[in-house]
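Trainee: Below is a structure I'd like to ask you about.
The values are calculated or read from the model by the stated rules, or taken from the named source; none is laboratory data. Everything numeric here is computed off the predicted structure, so don't read it as measured data. Here Cβ is always computed from backbone atoms with ideal geometry, including for glycine, and neighbour counts include all displayed protein chains.
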Amino acid sequence: MSATFSANLSETSIRPEVLAVANLPPFLMDALQAAFVVHQRLNETDPAAFAVAAPRIRAIAASGESKVSAALIDSLPALEIISVMGVGYDGVDVAAAKARGVVVTHTPDVLNDDVADLAMALMLALARQVARSDRFIRAGEWPNGPLPLGRKVSGARLGIVGMGRIGQAIAHRAAAFGMRIAYTARSAKPALALHYVASPAELAAQSDFLVLITPGGAGTHKLVNAEVLKALGPQGCVINVARGSVIDEAALIEALQAGTIAGAALDVFENEPNVPQALRELDNVVLTSHIGSATGQTRRAMADLAFANLRSKFEGAPLPTPVPECR
Ligand code: NAP
C-alpha cells in the first residue's frame, strides 16, 4: 500500500515521525514503518528518549479506542494530523486538536457491513440462545431437559438508536428479516422510508429489540438510561454495538437482574477490557469483545484508509476522510 510513498520518501530521506498510540495491526505497522519513522508509545520504555523525539513528531496513528488527550496534543508541538483507524473518535480531544490546527481523520463506511452483520448476529444469538445453548451442551445439561424457549426475531419490532451509515446498514439487513423498523436520531431522515421517533424512551416503548449505534462521547453519554430500559419492558432486549458510554451500565445490570428487561447483547462496555462480573454471571446476556469491525478484510480496508490519510497529509493532497469537525 505504501510502495510509491516509501520510494519518494527514501529519495528525500526526510521521513515524517509518527507516534503510534495503539496496538495497531501488523499490516498497518509495516506500512507505517516503511514510510515513516515510527515511535510506539505503548512499548515506550525510555521516557527520556521519547521526550527527545516528541518535538519532531508530526502525526499520531491511533485506533478507535485510543485516548488522545489535550495534554498529549500539547506535548507534541510539530503535530499536524491524528489518523484514527476506526470510525468512532470519541477518545480524541478534537476541540484541542482543532485549536492547534491539527486535523483528525477516521475510517468511515469501510466497516459498515461488518458492524451491521455483528448487530444482527448478536440479536439472533441472544433471542435464539445460541451462546446459551452452546454452554448448555458443553455443561452436559442437555440430557436433563430442554432449554426454555427463545424469542422469534423475524417479524419482530426493531428500534434503532442512531440512523447513520451503520444504522442504515442494520435496517437494510433487518428488512430482509421482515422486521418492523423504527429509529431515533438527532434529526429525522425523510429520504428513508422508516418510522422516526423523537426520543430513545419513546422508541424503546414500541420495540422488541433496541439496537444502539450512535457515536460515543458527551452527546450520547448514558443516552439509554433506567427510564429507557423501563420503557423497553420485560419482553425487550437491548443490543449495544455503539460505545459502552451510550448505556448506563449500572442501570442495565439492575434491569437484567430484576427482569425488567429480557436480555442484552453487548459488544462494547464502559471500562473495556474489563467487563463487570455481574454481566458475566447472567444467562440472559451475550458478550463479545468489541469485535464489530474485527474481520481480516475490514481491518485491512480500515488500515489502508488510515494510512491513506497520513500519506495524503504529507504529500499535500486532499485528505480522504477527515472527521466532520475538520472538514
Ligand atoms: P454516523 O454515520 O455518524 O451515524 C451516527 C448516528 O448517530 C446518526 O444518525 C446521528 O444522528 C446519531 N446520533 C448522534 N448523536 C445522537 C444523539 N444524541 N441521540 C440520538 N442519535 C444520535 O456514524 P456510523 O458510521 O454509523 O458509526 C456510529 C458509531 O458506531 C461510531 O461512532 C462508533 O461509536 C460505533 N462503532 C462501533 C463499532 C464496534 O466495533 N462495535 C465499530 C464501528 C463503529 P443524526 O443523523 O441525526 O446526526
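Trainee: The conditions are (1) within 22 Å of Ala218 (Cβ to Cβ); (2) surrounded by 16 or more Cβ atoms within 10 Å (Cβ to Cβ); (3) of a type in the set (A, V, I, L, M, F, W, C), and Ala127 fails exactly one of them. Which is it?
Mentor: Among (1) within 22 Å of Ala218 (Cβ to Cβ); (2) surrounded by 16 or more Cβ atoms within 10 Å (Cβ to Cβ); (3) of a type in the set (A, V, I, L, M, F, W, C), Ala127 violates only (1).
Trainee: For region 178-191, does any single residue satisfy the condition of being closer than 17 Å to Gln206 by Cβ, in contact with a Phe, Trp or Tyr (Cβ under 6 Å, 6 or more places away or on another chain) and either within 16 Å of the ligand (Cβ to nearest atom) or acidic (Asp, Glu) (or both)?
Mentor: yes
Trainee: On to the next question. Give the residues of region 155-175 that are on the phi > 0 side of the Ramachandran plot and either in contact with a strand residue (DSSP E or B) (Cβ under 7 Å, 6 or more places away or on another chain) or within 9 Å of the ligand (Cβ to nearest atom) (or both), sorted by residue number.
Mentor: Matches in region 155-175: Gly162 only.
Trainee: Take region 274-326 and flag every residue that is closer than 21 Å to Asp90 by Cβ, more than 13 Å from the ligand (Cβ to nearest atom) and assigned to a loop (DSSP other than H, G, I, E, B).
Mentor: Of everything in region 274-326, those that are closer than 21 Å to Asp90 by Cβ, more than 13 Å from the ligand (Cβ to nearest atom) and assigned to a loop (DSSP other than H, G, I, E, B) turn out to be Val275, Pro276, Leu319, Pro320.
Trainee: Considering only region 91-124, state which residues are surrounded by 22 or more Cβ atoms within 10 Å (Cβ to Cβ), within 13 Å of the chain's Cα centre (by Cα) and not aliphatic (A, V, I, L, M).
Mentor: Matches in region 91-124: His106, Thr107.
Trainee: May I pose another question? Just the residues that are more than 16 Å from the ligand (Cβ to nearest atom), among the β-branched types (Val, Ile, Thr) and under 26 Å from Pro318 (Cβ atoms), please, taken from region 86-135.
Mentor: Of everything in region 86-135, those that are more than 16 Å from the ligand (Cβ to nearest atom), among the β-branched types (Val, Ile, Thr) and under 26 Å from Pro318 (Cβ atoms) turn out to be Val102, Val103.
Trainee: Hey, among the residues in region 70-116 that are touching a Leu at 6+ places or on another chain (Cβ under 6 Å) and of a type in the set (Ser, Thr, Tyr), which one's nearest to Ala174 (Cα to Cα)?
Mentor: Checking each candidate, the answer is Thr107.
Trainee: Name the single residue, out of those in region 1-48 being polar (S, T, N, Q) and in a loop (DSSP other than H, G, I, E, B), that is modelled with the highest pLDDT.
Mentor: Here the answer is Asn23.
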